[in-house]
1. May I ask which of 86/252; 132/160; 63/252 have a Cα-Cα span longer than 25 Å here?
2. Remind me, relative contact order of the chain in percent, using alpha carbon pairs under 8 angstrom and six or more residues apart?
3. In what sequence, highest mean first, do 237-249, 179-191 appear when ranked by Cβ atoms within 10 angstrom?
4. For the chain, what class follows from the C-alpha gyration tensor (a ≥ b ≥ c being the square roots of its eigenvalues): rounded when a/c is under 1.5, otherwise prolate if a/b is larger than b/c, else oblate?
5. Enter the accessible area of residue 175 (Å², nearest 10), with the probe set to 1.4 Å and all protein chains included.
6. Could you sort 209, 154 by accessible area so the largest value comes first, with the probe set to 1.4 Å?
7. Mind checking which of 57, 125, 158 has the largest fluctuation in a GNM of the chain, springs on alpha carbons under 10 Å?
8. Just to be sure I understand: with springs between alpha-carbon atoms less than 10 Å apart, which residue in 250, 168, 214 has the highest mean-square fluctuation in the Gaussian network model of the chain?
Amino acid sequence: MITSSQTSRVDHELQISNSSQCAIDLQQVSFSYSEQRSILANISLRIKAGERVGFIGHNGCGKTTLFRLVCGLLPAHQGTIHVFGKQVQPGTFHSEVGLLFQDPEDQLFSPSVWDDIAFGPFNLGLSEEEVKRRVTMALDLTGTHALANRPPHHLSGGEKQMVAIAGLLAMKPKIVLYDEPTASLDLRTRRRLIHFLQGSRETLVIASHDLEFLLEVCDRVILVDDGVVVADGEIRQVMRNQSLMEAHGLEKPHSLIPHPHPCDAPLS
Ligand SMILES: Nc1ncnc2c1ncn2[C@@H]1O[C@H](COP(=O)(O)OP(=O)(O)OP(=O)(O)O)[C@@H](O)[C@H]1O
């Protein structure tokens, strides 16, 4: 039986294969925080508009660093980065790209959730009416209406995460970089985020150690180790490769391990 989520996945894959627009283009990008240790070395990759890409690798392999480079928060020491054909200038705000920080605390600072979500659109110089429309849309999409008047610092970790996502969506970025989006979510909120991302039309890059989550949302995965891309391909094909996953400090996801049907067990 074909489910509606499988149908929308096929539609989405067709849409991507027909798209020729490049959303993110990294050519020979290198970066290090100090002379002693290189974090990213000669990374080249292209992500098409509308793709949903998982970004995986062990702790400290450079996922967040790469996100900061794409947003222009850090300067590449070598190489070029383009988003939708425009070269990323470090220190300049690029409204096409939104980054969900690993720690939502880094993103929330206003007296109320409403003000926090409105902060970005106001700074884009939008009219009061448009800001109101965007905040309402972001609250709807993330299911956070009930939190609108609460101070962000009184929220639980998962609530903060959803409000931080709402703040990002209110900016309507064409590319969204999610850094560990499920880290503090309970199962119901994680499921809501999966449904939301499955229906999303933006270009998504998601760094996560939650491989089952990535399997549900992404079509492609990029595996990084020692500052280089060691695998880039269809997500199931890459993650099914147990020796590859283990060689880079990861495990094959449980859902990709074939489980014998109980009826196949030999009769004793
Ligand atoms: N500001 C900084 N100064 C010096 N070193 C840093 C800085 N930020 C990160 N690093 C180091 O760079 C390396 C890459 O860090 P990064 O946060 O990009 O990894 P990550 O893949 O996102 O890790 P995780 O999966 O744990 O979130 C790590 O060894 C980290 O300690």
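1. Correct reply: 86/252.
2. Computed value for the chain: 22 percent relative contact order.
3. Per-residue Cβ counts within 10 Å, averaged per peptide and sorted highest first, yield 179-191, 237-249.
4. Oblate, because a/c is 1.5 or more while a/b does not exceed b/c.
5. Accessible area, nearest 10 Å²: 0 Å².
6. 154, 209
7. 125
8. Among 250, 168, 214, the largest mean-square fluctuation in the Gaussian network model of the chain belongs to 250.
The values are calculated or read from the model by the stated rules, or taken from the named source; none is laboratory data. This is a predicted model, so every value here is computed, not measured. Glycine gets a Cβ as well: all are built from the backbone with ideal geometry, and neighbour counts include every protein chain shown. When the accessible area is computed, the model is the full protein with side chains, heavy atoms only, and any ligands, DNA or RNA have been set aside. Shrake-Rupley method; radii C 1.70, N 1.55, O 1.52, S 1.80 Å.
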